[in-house]
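The values are calculated or read from the model by the stated rules, or taken from the named source; none is laboratory data. Note that the structure is predicted; figures quoted are calculated from it, not measured. Virtual Cβ from ideal backbone geometry, glycine too; neighbours counted across all protein chains shown.
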Amino acid sequence: MNPTIRQSYELAREQYAKHGIDTDAILEELSRIKLSVHCWQGDDVRGFLFQDQELSGGISVTGSYPGAARTPDELRGDLEKAFSLIPGKHKVNLHAIYADTAEKVDLDALEPRHFQAWVDWAAEQGLGLDFNPTCFSHPKAADGFTLSHPDETIRQFWIDHCKASRRIGAFFGETLGQPCVTNVWIPDGYKDIPADRLAPRVRLKEALDEVFSEPLDPAHNLDAVESKLFGIGSEAYVVGSHEFYMGYGLQNNKLICLDSGHFHPTETISNKLSSLSLFASGILLHVSRPMRWDSDHVVILDDELLEIGRELVRGDLLERTHIGLDFFDGSINRVAAWVIGTRSTLKALMRAMLEPAEELRRAELAGDYTTRLALAEEFKSYPFGAIWDYYCELSGVPAREAWLADVKEYEQQVQLPRGEEARV
């Protein structure tokens with residue numbers, strides 16, 4: 001342990017203890033949190049089933065930074081490097097297009113065996129796995145519709161794909177001994193004003209009913225549904241709106257996914273958590289940074305991330321909330337993006353845990369808004385960084401920006417040669 005970091009921690013611990021905040025207990029609690037780190041940051045959402053297929057469904061990755069993963073082994077290696085720089089033990093979130101198989105197989109025919117290499121790797125690394133059907137970047141989604149498609153044959157293809165995805169998720173959960181969250185998101189919608197808003201939603205509801213008709217053990221698989229307000233190519237109308245999926249999730253006991261990039265630019269998901277927690281069986285978060293709506297920038301420690309952390313901690317919602325990341329930036333080193341986003345999310349949770357929530361509540365209930373505001377402001381400059389550095393050291397990962405040298409070395413030795421190999 002770096003003696004300076006230990007000394008700084010001891011001084012900070014004393015300051016927090018004056019307000020009844022036990023920093024040792026907080027770090028123990030933080031170590032039990034599993035974030036679901038999205039695999040698709042590592043290869044720009046290309047996957048391995050249809051690597052020549054153009055991105056669709058409103059998904060776009062900008063930037064051409066060298067070193068993107070080209071194979072499952074490269075992607076797993078990049079994830080290992082990222083996890084070696086992130087405190088705690090977490091999960092990896094896979095999309096169906098990341099199947100590791102030499103077999104030519106379409107999405108509706110995927111089986112657990114096509115992901116066995118991922119399961120073996122996750123078990124070896126001590127990681128969990130989450131899953132998503134891939135309802136985009138496919139010829140049968142070329143017109144922008146999947147589970148709500150008016151063509152029954154095409155709609156059935158996507159139903160069968162989502163059914164297969166749930167079975168794969170259950171396999172992950174049973175094999176790895178921790179539930180897999182299988183999240184359904186579709187890009188369905190119209191660019192311009194539709195003549196009929198109801199019919200596609202009727203078809204989507206019926207399709208989802210069929211998708212979820214097979215009972216699966218919730219100890220192995222947890223179903224989630226994810227909404228969107230609008231998207232590229234669906235600016236006027238999205239079938240799976242927030243109201244649709246909130247209603248469906250509440251009625252059918254599904255996790256409701258809130259993606260921080262999927263709402264209006266002036267709308268935040270932090271303010272939705274307390275209300276939704278009163279009625280939903282559970283919540284799935286996709287933490288992103290919508291600089292300009294759903295632009296999926298790398299997560300940083302900004303005001304909204306801090307507010308999400310506060311809501312989860314102060315509302316005692318961590319046990320009922322599954323936290324995943326969802327961003328893809330091809331303009332910077334992709335391993336660094338994972339590290340920055342994941343460490344920032346953990347910092348937000350830690351900062352929330354280090355705040356005097358009980359004191360703030362008591363002041364509020366007493367009508368002492370002066371104390372509430374004064375404490376909230378003063379704690380913004382409390383030495384949370386000393387607690388974070390100590391946690392990193394305890395976890396065996398670099399403190400502060402020291403991790404960046406590791407990424408730069410990895411870039412030179414592993415990632416950049418990939419581009420050289422491609423040119424040979």
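Have a look at LEU360, LEU394, LEU349, LEU416 and point out the one that is over 30 Å from ARG6 (Cβ atoms) and assigned to a helix (DSSP H, G or I).
LEU416
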query = In this structure, is ALA386 assigned to a helix (DSSP H, G or I), modelled with pLDDT of 95 or more and either within 30 Å of LEU276 (Cα to Cα) or not hydroxyl-bearing (Ser, Thr, Tyr) (or both)?
reply = yes
note = The one condition VAL287 fails out of (1) at pLDDT below 95; (2) surrounded by 20 or more Cβ atoms within 10 Å (Cβ to Cβ) is (1)
request  = Out of LEU404, LEU346, report the one residue that is surrounded by fewer than 18 Cβ atoms within 10 Å (Cβ to Cβ), under 30 Å from ARG46 (Cα atoms) and touching a residue at least 24 places away in the same chain (Cβ under 8 Å).
outcome  = LEU404
query = Just to be sure, is LEU222 farther than 20 Å from PRO187 by Cβ, surrounded by 19 or more Cβ atoms within 10 Å (Cβ to Cβ) and either over 19 Å from the mean Cα position of the chain (by Cα) or hydrophobic (A, V, I, L, M, F, W, C) (or both)?
reply = yes
task = Could you tell me which of the residues ASP188, ASP196 is crowded, with 19+ Cβ neighbours inside 10 Å and among the acidic types (Asp, Glu)?
result = ASP188
message = I need a count of the residues in the stretch 83-105 that are basic (Lys, Arg) and either in contact with a Gly (Cβ under 7 Å, 6 or more places away or on another chain) or surrounded by 16 or more Cβ atoms within 10 Å (Cβ to Cβ) (or both).
response = 2
Qualifying residues in the stretch 377-396 (those that are among the aromatic types (Phe, Trp, Tyr) and within 11 Å of GLN15 (Cα to Cα)) - the one surrounded by the most Cβ atoms within 10 Å (Cβ to Cβ) = PHE384
ask   = What single numbered condition from (1) modelled with pLDDT of 95 or more; (2) under 28 Å from HIS322 (Cα atoms); (3) out of contact with any strand residue (DSSP E or B) (no Cβ under 9 Å at 6 or more places or on another chain); (4) surrounded by 15 or more Cβ atoms within 10 Å (Cβ to Cβ) fails to hold for PHE115?
value = (3)
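Conditions tested, residue by residue: (1) closer than 28 Å to PHE157 by Cα; (2) at pLDDT below 95.
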{"residue": "ALA224", "(1), (2)": "yes, no"}
{"residue": "ILE256", "(1), (2)": "yes, no"}
{"residue": "THR266", "(1), (2)": "no, yes"}
{"residue": "LEU278", "(1), (2)": "no, no"}
{"residue": "SER281", "(1), (2)": "no, yes"}
inquiry  = Let me spell it out: the conditions are (1) over 30 Å from GLY189 (Cβ atoms); (2) assigned to a loop (DSSP other than H, G, I, E, B); (3) without any contact (Cβ under 8 Å) to a residue 40 or more places away in the chain; (4) not β-branched (Val, Ile, Thr), and ASP73 meets all of them except one. Which number is the exception?
reply    = (2)
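Sort through LEU79, LEU94, LEU129 and tell me the only one that's under 25 Å from GLY330 (Cβ atoms) and outside any strand (DSSP E or B).
LEU79
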request  = Looking for whichever is within 11 Å of PRO133 (Cα to Cα), at pLDDT 95 or above and over 22 Å from the mean Cα position of the chain (by Cα) here; the options are ILE154, ILE168, ILE193, ILE159. Which one fits?
outcome  = ILE159
ask   = Under 6 Å by Cβ, and 6 or more places apart or on different chains, what pairs join a residue from the stretch 259-280 that is free of Cβ contacts under 8 Å to residues at least 40 places away in the same chain and surrounded by fewer than 18 Cβ atoms within 10 Å (Cβ to Cβ) with one that is assigned to a helix (DSSP H, G or I) and not charged (D, E, K, R)?
value = PHE279/LEU250
request  = Could you grab me the full set of residues in the stretch 281-306 that are touching a residue at least 40 places away in the same chain (Cβ under 8 Å), aliphatic (A, V, I, L, M) and in a strand (DSSP E or B)?
outcome  = LEU284, VAL287
note = Exactly one of ILE308, ILE300 is of a type outside the set (Lys, Arg), buried (at least 23 other Cβ atoms within 10 Å of the Cβ) and in contact with a helix residue (DSSP H, G or I) (Cβ under 8 Å, 6 or more places away or on another chain), and that residue is ILE308
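Here are some residues: ARG167, ARG155, ARG203. Which one is surrounded by fewer than 21 Cβ atoms within 10 Å (Cβ to Cβ), among the basic types (Lys, Arg) and farther than 30 Å from TRP121 by Cβ?
One residue alone meets the criteria, ARG203.
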request  = Give the residue that is modelled with the highest pLDDT, with candidates limited to residues of the stretch 34-62 that are farther than 20 Å from PHE145 by Cα and hydroxyl-bearing (Ser, Thr, Tyr).
outcome  = SER36
